[in-house]
Amino acid sequence: MAFLEIKDLRKAFGPLSVVQNFELAVEGGEFVSFLGPSGCGKTTTLRMVAGFEQPSAGTIRINGRDVTGLRPNQRNVGMVFQSYALFPNMTVAENVGFGLKVARRPAAEIGARVEEMLRLIKLPTLAGRYPYQLSGGQQQRVALARALAIKPQVLLLDEPLSALDAKIRVALREEIRSVQRKLGITTIYVTHDQEEALSMSDRIVVMNEGRVEQIGTPFEIYNYPRTRFVASFVGTLNILRARVTDAGQRRIAIDGQEIVARRGLDGTASGELRAVALRPEAVSLSDPGGERNRLQGTIEDVSFLGSVVRIRVRFKENAISLDTFNNPGLAPPEPGREVTVTFAYDDVLVLEGEAS
Amino acid sequence: MTALSIARSRLGQVSWSWLGVAPFFVFALMFLILPTGFLMVGAFQDAGGNFTLANIAHLFQPSILSAYWISIEVSAVSAIAGAVIGFFLAYAGVLGGLPRWIRPTLMTFSGVASNFAGVPLAFAFLATLGRVGLVTALLVKYFDFNLYSTGFNLLSFSGLALTYLYFQIPLMVLIMTPALDGLKRDWREAASILGASSWQYWRHVALPVLWPSLLGTTLLLFANAFGAVATAYALTGSSLNIVTILLYAQIRGDVLHDENLGYALALGMILITGLSNLAYIWLRTRSEKWLR
Amino acid sequence: MKRSKLGPWLAIVIGAIYFLVPLIGTFEFSLRMRRGEYSFDAYRIVLGDPQFQATFAYSTCLALATILVGALLVVPTAYWIRLRLPGLRPVVEFITLLPLVIPAIVLVFGYLRIYNSSSWLPLTASDRATDLLLTFSYVTLALPYMYRAVDTGLRAIDVRTLTEAAESLGAGWPTILFRVIFPNVRVAVLSGAFLTFAIVIGEFTMASLLDRPAFGPYLQLIGANRAYEPSALAIIAFIVTWACMGLIQVFGRGARMAAETR
């Protein structure tokens with residue numbers, strides 16, 4: 001049985017349903033991210049695990065124990081907030097030791113644990129400081145130490161890096177992950193930043209409008225998005241409208257030009273309209289030959305992004321962006337030129353649901 | 001442009017800048033600093049203008065001491081009771097989970113009531129709790145209970161304190177509401193998920209965070225009541241010996257028969273309200289530093 | 001996390017009783033002038049009293065003068081502090097808080113001593129001069145509220161950019177102050193003004209000690225000599241206070257809506 005098990009979880013505020021049929025099993029020591037735009041229900045789900053919100057239906061089990069009806073202070077869960085939420089009237093040491101203090105642990109034990117935690121987050125010298133004397137990044141590390149000090153069964157992080165500068169964000173991201181690995185603690189991480197989710201997680205739960213869109217490893221989510229939403233939210237995909245011309249032969253047509261799609265055509269009928277996705281880095285202007293899809297179009301726009309040149313090629317209704325590496329010896333192509341773009345059969349991702 | 005002319009033009013700019021705030025400082029000097037300073041100096045002078053500590057020493061005669069004492073007592077009682085009740089009202093309005101309309105209603109009413117002081121307030125309490133007031137009469141009529149037989153008298157210490165609460169409580173509500181808003185929901189949640197009970201959260205987090213505002217505002221209420229004249233005068237006439245009424249009588253008719261003793265009386269008042277206000281400002285800065 | 005709402009409700013109900021009962025009591029009392037039946041006689045008598053009209057008009061004029069002088073004193077100062085002399089800010093803020101620290105009775109005591117008829121500036125020598133002194137006294141009383149309101153209003157607008165924009169269009173200082181800054185803090189000045197009005201209209205101590213025929217001393221006089229009229233006056237005073245606070249909210253909301261639709 002999984003360490004953290006969420007079954008058929010629902011939450012509605014009045015007539016408004018914010019989380020629907022949420023199912024998830026997290027293994028012990030796993031790092032799972034909830035990824036989605038704001039208002040997708042990821043934070044509400046996390047708050048139900050923490051006990052701040054009561055689910056309208058469903059159960060939450062931690063280590064075999066049903067915690068659904070328990071109050072937050074009975075769950076033994078650690079949480080890190082976006083706003084740090086450090087107690088302003090306490091020093092760093094008092095903040096970190098707070099959970100043990102209210103549990104009436106002996107002072108010596110608290111002292112030792114606080115010291116251990118501060119070493120873990122590499123801030124052993126700041127024990128006597130007050131939160132307002134710390135930078136945002138330091139405050140969030142202290143908040144992490146405070147959440148871990150009570151040896152929680154599960155660690156919850158609610159957009160912990162959103163309030164920080166880009167540079168600190170990357171550094172802290174790695175630090176959180178390394179602390180998590182070191183302690184082997186089961187972790188749920190809520191974020192709207194796909195790069196964060198991809199780089200940190202063992203698995204990602206992509207959510208939209210209260211529903212789970214896809215659960216998978218970062219590799220699966222990025223390379224094989226199942227729905228149009230996942231495809232567009234994770235990475236910068238080209239979404240094209242295609243008509244299935246021959247489902248058996250796995251052939252589809254984009255603006256009348258036929259191509260082969262190896263994946264995701266099971267259960268479709270010829271003549272159906274489907275959305276397909278193509279990653280910019282999968283599409284090439286050169287033709288290595290062999291079994292590949294080829295599409296003819298016109299260069300519409302060329303933007304120079306530094307190491308990469310992004311080229312936009314239009315067919316008729318559809319257009320795709322593709323990336324080529326910048327080559328100082330070669331001028332970028334001119335708009336208006338007729339070109340052929342090529343990509344592998346495997347790179348065509350046929351998405352679930354009708355093309356809109 | 002030579003260095004000299006640059007320096008001169010910069011100099012010109014500086015003096016112009018000062019001119020912009022000159023009217024304010026002249027006003028402050030004429031109507032705040034000088035009058036207060038005059039009294040403070042006068043408190044240390046005899047009739048001939050020589051330095052003396054006699055006026056201060058004369059403050060320690062029983063009638064003046066008791067006036068100060070009653071003033072301090074009335075102010076302290078009304079400040080502490082006003083702070084406690086006002087705090088619970090503000091708490092109910094902000095964190096009580098009551099219907100939405102309660103809070104703006106409470107705030108508007110507090111704004112009005114905190115400014116409804118002075119003579120009309122005394123009238124209102126006389127009409128309600130005076131010897132022929134509505135509540136007094138109703139108590140006799142329906143409960144056969146004579147309020148005045150219990151020793152209560154609106155024109156006395158307890159009556160004055162009760163009346164002062166009418167502006168003290170709303171003032172507390174007005175100042176504490178933003179302070180309670182400053183308590184972040186995340187703190188409560190963080191405490192709770194770390195295992196703290198609701199009581200432990202208040203004991204270790206919320207009250208320590210609010211403490212400077214609570215104490216500071218109580219001091220502000222104290223100074224507010226201490227300097228009040230009109231309500232007490234209209235309510236009790238001169239039957240209650242409090243320091244503002246004594247000073248009022250002194251200004252009108254030199255009842256102390258000693259001008260400079262009057263200055264010392266005023267100096268004592270400034271000291272008391274000044275100290276409590278300074279403490280208020282100090283405590284306020286402290287809490288602002290936390291709540292940034 | 002469901003918590004019991006009994007306590008909060010209890011607090012609100014007790015608070016409401018404490019604050020409403022005196023108002024109801026006063027209103028009831030004010031209607032009792034005619035024996036055996038309720039009537040508005042007390043109001044009729046009060047409102048018809050020439051002294052009431054005279055003192056109320058006098059206090060209204062003083063309040064308006066106070067607001068005018070106060071605004072002319074506070075707005076340029078707060079503006080200048082924001083624009084040119086931010087270093088002086090703590091000093092100015094401290095001074096504006098002083099009227100809360102020094103009781104009004106002490107201030108007026110000081111005025112009576114240094115501006116008496118034999119002093120270098122005999123502001124109490126004639127009635128007109130005393131009116132002027134009383135106006136300045138009220139400006140002092142209103143200073144903490146006026147300054148705070150205006151400073152909050154100035155914080156909401158970008159003083160520096162507005163000034164530079166006006167300067168670049170060739171505006172002089174009076175133009176900037178009266179056509180750019182004043183209109184932009186109008187709402188703040190108005191809310192300070194209504195608060196000032198509420199404070200000044202029934203003020204007793206200063207008016208009484210400076211011996212001017214203001215509304216506050218009139219109230220006190222009626223209170224000492226009549227039975228039912230004081231209650232009627234208290235209700236009128238309460239309505240005036242309520243109107244001032246209500247107007248502050250109305251104007252504040254109007255400004256917020258204007259800012260949102262902008």
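Among the helices (runs of 4 or more DSSP H) confined wholly to the stretch C:169-262, which include 2 or more residues that are at pLDDT below 90?
Counting at least 2 such residues, we get C:186-201, C:215-225, C:229-261.
For the stretch B:236-257, give me the residue count where each residue is part of a loop (DSSP other than H, G, I, E, B) and open to solvent by 50 Å² or more (accessible area, probe 1.4 Å).
Applying the first criterion (part of a loop (DSSP other than H, G, I, E, B)) to the stretch B:236-257 yields B:237-242, B:254-257.
Filter once more, so that each one left must be open to solvent by 50 Å² or more (accessible area, probe 1.4 Å): B:238-239, B:241, B:255, B:257.
The qualifying residues number 5.
Quick check on my filter: what residues within the stretch A:306-323 are surrounded by fewer than 17 Cβ atoms within 10 Å (Cβ to Cβ), of a type outside the set (S, T, N, Q) and outside any strand (DSSP E or B)?
First, pick out the residues of the stretch A:306-323 that are surrounded by fewer than 17 Cβ atoms within 10 Å (Cβ to Cβ): A:306-308, A:310, A:314, A:316-317, A:319.
From what's left, of a type outside the set (S, T, N, Q): A:306, A:308, A:310, A:314, A:316-317, A:319.
Once the filter is applied, which keeps residues that are surrounded by fewer than 17 Cβ atoms within 10 Å (Cβ to Cβ), of a type outside the set (S, T, N, Q) and outside any strand (DSSP E or B), the stretch A:306-323 yields A:G306, A:K316, A:E317.
Name the residue, out of B:L221, B:L210, that is away from chain C (no Cβ under 11 Å), assigned to a helix (DSSP H, G or I) and within 18 Å of the chain's Cα centre (by Cα).
Numbers: B:L210 fails: within 18 Å of the chain's Cα centre (by Cα).
Within the list B:L221, B:L210, the selection yields B:L221.
Testing A:G29 on (1) under 30 Å from B:S197 (Cβ atoms); (2) surrounded by fewer than 15 Cβ atoms within 10 Å (Cβ to Cβ), one condition comes back false. Which one is that?
Evaluating A:G29 over (1) under 30 Å from B:S197 (Cβ atoms); (2) surrounded by fewer than 15 Cβ atoms within 10 Å (Cβ to Cβ) leaves (1) as the failure.
Filter the stretch A:76-113 down to the residues that are without any contact (Cβ under 8 Å) to a residue 40 or more places away in the chain and over 30 Å from B:T285 (Cα atoms) and list them by number.
A:R104, A:R105, A:P106, A:A107, A:A108, A:E109, A:I110, A:G111, A:A112, A:R113, listed by residue number.
Residues checked against (1) crowded, with 22+ Cβ neighbours inside 10 Å; (2) under 26 Å from B:F109 (Cβ atoms):
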{"position": "B:S192", "(1), (2)": "yes, no"}
{"position": "B:A196", "(1), (2)": "yes, no"}
{"position": "B:W202", "(1), (2)": "no, no"}
{"position": "B:A206", "(1), (2)": "no, yes"}
{"position": "B:L221", "(1), (2)": "yes, yes"}
{"position": "B:F226", "(1), (2)": "yes, yes"}
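Filter the stretch A:324-341 down to the residues that are in contact (Cβ under 8 Å) with a residue 40 or more places away in the chain and surrounded by fewer than 19 Cβ atoms within 10 Å (Cβ to Cβ) and list them by number.
At the first step, the residues of the stretch A:324-341 found to be in contact (Cβ under 8 Å) with a residue 40 or more places away in the chain are A:324, A:333, A:338-341.
Selection gives A:P333, A:E338, A:V339, A:T340.
Looking only at residues in the stretch C:17-42 that are closer than 23 Å to B:I85 by Cα and of a type in the set (F, W, Y), which one is surrounded by the most Cβ atoms within 10 Å (Cβ to Cβ)?
That would be C:F19.
Among the residues of the stretch A:43-73, which ones are open to solvent by 10 Å² or more (accessible area, probe 1.4 Å), in a helix (DSSP H, G or I) and more than 28 Å from A:R104 (Cβ to Cβ)?
Those that are open to solvent by 10 Å² or more (accessible area, probe 1.4 Å), in a helix (DSSP H, G or I) and more than 28 Å from A:R104 (Cβ to Cβ): A:T43, A:T44.
How many residues does the stretch C:96-113 contain that are more than 18 Å from the chain's Cα centre (by Cα), without any contact (Cβ under 8 Å) to a residue 40 or more places away in the chain and open to solvent by less than 20 Å² (accessible area, probe 1.4 Å)?
Restricting attention to the stretch C:96-113, the residues satisfying the condition of being more than 18 Å from the chain's Cα centre (by Cα) are C:106, C:109-113.
With the extra rule that they be without any contact (Cβ under 8 Å) to a residue 40 or more places away in the chain, the set shrinks to C:106, C:110, C:113.
Among the residues that remain, those that are also open to solvent by less than 20 Å² (accessible area, probe 1.4 Å) are: C:106, C:110.
Residues flagged as more than 18 Å from the chain's Cα centre (by Cα), without any contact (Cβ under 8 Å) to a residue 40 or more places away in the chain and open to solvent by less than 20 Å² (accessible area, probe 1.4 Å) within the stretch C:96-113 amount to 2.
Mind checking which residues of the stretch C:100-120 are more than 7 Å from chain B (Cβ to nearest Cβ) and closer than 30 Å to B:W282 by Cβ? Before the answer, list the steps.
Within the stretch C:100-120, the subset more than 7 Å from chain B (Cβ to nearest Cβ) is C:108, C:115-120.
The one that is more than 7 Å from chain B (Cβ to nearest Cβ) and closer than 30 Å to B:W282 by Cβ: C:V108.
Across the stretch A:74-110, which residue is least open to solvent (accessible area, probe 1.4 Å) among those that are basic (K, R) and more than 8 Å from chain B (Cβ to nearest Cβ)? Working first, answer last.
Start the filter on the stretch A:74-110 by keeping residues that are basic (K, R), which leaves A:75, A:101, A:104-105.
From what is left, the residues that are more than 8 Å from chain B (Cβ to nearest Cβ) are A:104-105.
Details: A:R104: 190, A:R105: 111 Å².
By that ranking, first place goes to A:R105.
From the list A:S38, A:S135, exactly one residue is more than 26 Å from A:S178 (Cα to Cα), surrounded by fewer than 19 Cβ atoms within 10 Å (Cβ to Cβ) and more than 12 Å from every other protein chain (Cβ to nearest Cβ). Which is it? Quick ask: steps written out before the conclusion?
On the way: A:S135 fails: more than 26 Å from A:S178 (Cα to Cα).
From the options A:S38, A:S135, the qualifying one is A:S38.
Quick check: is even one residue across the stretch B:103-119 open to solvent by less than 30 Å² (accessible area, probe 1.4 Å), within 7 Å of chain C (Cβ to nearest Cβ) and assigned to a loop (DSSP other than H, G, I, E, B)?
Yes, that holds for at least one residue.
Let me spell it out: the conditions are (1) in contact with a helix residue (DSSP H, G or I) (Cβ under 8 Å, 6 or more places away or on another chain); (2) in a helix (DSSP H, G or I); (3) open to solvent by 40 Å² or more (accessible area, probe 1.4 Å), and A:R129 meets all of them except one. Which number is the exception?
The one condition A:R129 does not meet is (2).
Can you confirm whether the stretch B:178-188 contains a residue that is open to solvent by less than 20 Å² (accessible area, probe 1.4 Å), touching a helix residue (DSSP H, G or I) at 6+ places or on another chain (Cβ under 9 Å) and within 13 Å of chain C (Cβ to nearest Cβ)?
Within the stretch B:178-188 (the criterion being open to solvent by less than 20 Å² (accessible area, probe 1.4 Å), touching a helix residue (DSSP H, G or I) at 6+ places or on another chain (Cβ under 9 Å) and within 13 Å of chain C (Cβ to nearest Cβ)), the answer is yes, since at least one residue qualifies.
Considering only residues of the stretch C:198-216 that are open to solvent by 30 Å² or more (accessible area, probe 1.4 Å) and at the interface with chain B (Cβ under 10 Å from one of its Cβ atoms), which is nearest to C:S117 (Cα to Cα)?
Restricting to residues being open to solvent by 30 Å² or more (accessible area, probe 1.4 Å) and at the interface with chain B (Cβ under 10 Å from one of its Cβ atoms), the top hit is C:D211.
Look through C:A129, C:A232, C:A149 and report the one residue that is under 22 Å from the mean Cα position of the chain (by Cα), open to solvent by less than 30 Å² (accessible area, probe 1.4 Å) and at the interface with another protein chain (Cβ under 10 Å from one of its Cβ atoms).
Details: C:A129 fails: at the interface with another protein chain (Cβ under 10 Å from one of its Cβ atoms); C:A149 fails: at the interface with another protein chain (Cβ under 10 Å from one of its Cβ atoms).
Step by step, each of C:A129, C:A232, C:A149 is checked, and only C:A232 is under 22 Å from the mean Cα position of the chain (by Cα), open to solvent by less than 30 Å² (accessible area, probe 1.4 Å) and at the interface with another protein chain (Cβ under 10 Å from one of its Cβ atoms).
Could you please tell me which pairs satisfy a Cβ distance under 8 Å, a separation of 6+ or placement on different chains, a first residue in the stretch A:155-175 that is in contact (Cβ under 8 Å) with a residue 40 or more places away in the chain, and a second residue that is buried (at least 21 other Cβ atoms within 10 Å of the Cβ) and in a loop (DSSP other than H, G, I, E, B)?
Once the first residue is in contact (Cβ under 8 Å) with a residue 40 or more places away in the chain and sits in the stretch A:155-175, its partners that are buried (at least 21 other Cβ atoms within 10 Å of the Cβ) and in a loop (DSSP other than H, G, I, E, B) give A:D158/A:F81; A:P160/A:F81; A:A163/A:Y84; A:E175/A:I121.
Is it the case that the stretch A:212-233 has a residue that's among the small types (G, A, S), at pLDDT 90 or above, within 15 Å of the chain's Cα centre (by Cα) and not in a loop (DSSP other than H, G, I, E, B)?
Let us first name the residues in the stretch A:212-233 that are among the small types (G, A, S), namely A:216, A:231-232.
Of the ones still in play, those that are also at pLDDT 90 or above are A:216.
Next, from what is left, pick out any that are within 15 Å of the chain's Cα centre (by Cα): A:216.
Imposing the further condition that a residue be not in a loop (DSSP other than H, G, I, E, B) reduces the set to A:216.
The answer is yes, given that some residue of the stretch A:212-233 is among the small types (G, A, S), at pLDDT 90 or above, within 15 Å of the chain's Cα centre (by Cα) and not in a loop (DSSP other than H, G, I, E, B).
The values are calculated or read from the model by the stated rules, or taken from the named source; none is laboratory data. Bear in mind the structure is a predicted one, so any value in this text is a computation, not a measurement. Ideal geometry is used to build each Cβ from the backbone, glycine not excepted, and the neighbour counts take in all protein chains shown. With ligands, DNA and RNA removed, areas are computed over all heavy atoms of the protein, side chains included. Shrake-Rupley method; radii C 1.70, N 1.55, O 1.52, S 1.80 Å.
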